[in-house]
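The values are calculated or read from the model by the stated rules, or taken from the named source; none is laboratory data. The shown structure was predicted, so the numbers you read here are calculated from the model rather than taken from an experiment. Don't worry about glycine lacking a Cβ; one is built from the backbone with ideal geometry, like all the others, and counts go over all protein chains shown. The accessibility values were calculated without ligands, DNA or RNA, using every heavy atom of the protein model including side chains. Shrake-Rupley method; radii C 1.70, N 1.55, O 1.52, S 1.80 Å.
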Amino acid sequence: MTTQSNKSLRDYTMKADISQHHERIIRNLFNALFVSERQHSIKTDHSPSDANVRTLDIYQVQQLIQSHCDKHYSKRSITGALFSLEEPRLLDHYAVNGISEIDGKRIDAIRLDYSKPAKTDELAEELAQIDLGGSPADEIDKCDASRRWIKRAVHLEEVYIEQQDTIQSLRSIIIDMAETLHVADPNARISMTSSDLLDLVHSQNDMSDNAF
């Protein structure tokens, strides 16, 4: 596959939630680049040696859009629109300095990545890295693995709720102790460790008779 086929100016995909303004900018941008390269032989890719990355000169892009579409867009508007692309993917959210491989001049550049990342089953990949207690030679049933994930999630939720109950109990104890001590002696201070407070929370005895 050639460099040009990798970086086709007709093959691009916009995100589903793209605004009409950004959609218009992207269409005008790629149309201006296509016409410039195909009809006028103007070099717009400043990284021709990289088959998967197209490097654009932001100022050149502005001029080409102005010439072919009679529209002027700010640098911020153009980079914002390109960030709304699904494919190719904008490598930089903002313009970055670069050097043109065509004429060696320094440009204010933005880069588009045309490479196709390999799509993997993230859940399967994650499960493969976790020891579920079975023999490494045994094939892990995905449904069983999913049930284990659900069971683990439920357990963590129960632990979280229990911890929240403990924290609330500790707060109640501290408030009660503070109020009791304040009545007895306004200058008194509570001096208990966190372990003491936890013992009070988990104690089976009636805490109302506890003298702190």
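Conditions tested, residue by residue: (1) of a type in the set (D, E, K, R); (2) under 16 Å from L82 (Cβ atoms); (3) more than 29 Å from the chain's Cα centre (by Cα).
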{"position": "K7", "(1), (2), (3)": "yes, yes, no"}
{"position": "Y12", "(1), (2), (3)": "no, yes, no"}
{"position": "R24", "(1), (2), (3)": "yes, yes, no"}
{"position": "I42", "(1), (2), (3)": "no, no, yes"}
{"position": "S47", "(1), (2), (3)": "no, yes, no"}
{"position": "L56", "(1), (2), (3)": "no, yes, no"}
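Suppose we filter the range 25-49 for residues that are open to solvent by 50 Å² or more (accessible area, probe 1.4 Å) and touching a residue at least 24 places away in the same chain (Cβ under 8 Å); how many remain? Reasoning before the result, please.
Within the range 25-49, the subset open to solvent by 50 Å² or more (accessible area, probe 1.4 Å) is 27, 31, 38-43, 48-49.
Narrowing the set further to residues that are touching a residue at least 24 places away in the same chain (Cβ under 8 Å) leaves 31, 43, 48-49.
Qualifying residue count, the range 25-49: 4.
To keep it simple, each residue is scored yes or no on (1) modelled with pLDDT of 65 or more; (2) on the phi < 0 side of the Ramachandran plot.
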| residue | (1), (2) |
| --- | --- |
| Q60 | yes, yes |
| Q66 | yes, yes |
| T79 | yes, yes |
| G104 | yes, no |
| T120 | no, yes |
| A128 | no, yes |
| L132 | no, yes |
| A145 | yes, yes |
| Q163 | yes, yes |
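Working only within the range 89-102, note down all residues that are under 21 Å from Y12 (Cα atoms) and either modelled with pLDDT of 90 or more or in a strand (DSSP E or B) (or both). Correct list: R89, L90. The conditions are (1) under 30 Å from the mean Cα position of the chain (by Cα); (2) part of a helix (DSSP H, G or I); (3) modelled with pLDDT under 90; (4) within 25 Å of K105 (Cβ to Cβ), and E37 fails exactly one of them. Which is it? In the conditions (1) under 30 Å from the mean Cα position of the chain (by Cα); (2) part of a helix (DSSP H, G or I); (3) modelled with pLDDT under 90; (4) within 25 Å of K105 (Cβ to Cβ), E37 misses (1) alone.
So is L85 touching a residue at least 12 places away in the same chain (Cβ under 8 Å) and either assigned by the TED database to the domain that holds D113 or polar (S, T, N, Q) (or both) or not? Spelling it out, L85 is indeed touching a residue at least 12 places away in the same chain (Cβ under 8 Å) and either assigned by the TED database to the domain that holds D113 or polar (S, T, N, Q) (or both).
Evaluate the following for A153: is it at pLDDT 75 or above, among the small types (G, A, S) and loosely packed, with under 11 Cβ neighbours inside 10 Å? Before the answer, list the steps.
On the way: at pLDDT 75 or above: yes; among the small types (G, A, S): yes; loosely packed, with under 11 Cβ neighbours inside 10 Å: yes.
Yes; evaluated as a whole, the condition is true for this residue.
On the basis of being assigned to a helix (DSSP H, G or I) and among the acidic types (D, E), does E86 make the cut?
Numbers: assigned to a helix (DSSP H, G or I): no; among the acidic types (D, E): yes.
No.
In the set (1) part of a helix (DSSP H, G or I); (2) of a type in the set (G, A, S); (3) in contact with a strand residue (DSSP E or B) (Cβ under 7 Å, 6 or more places away or on another chain), the condition left unmet by S67 is number (3).
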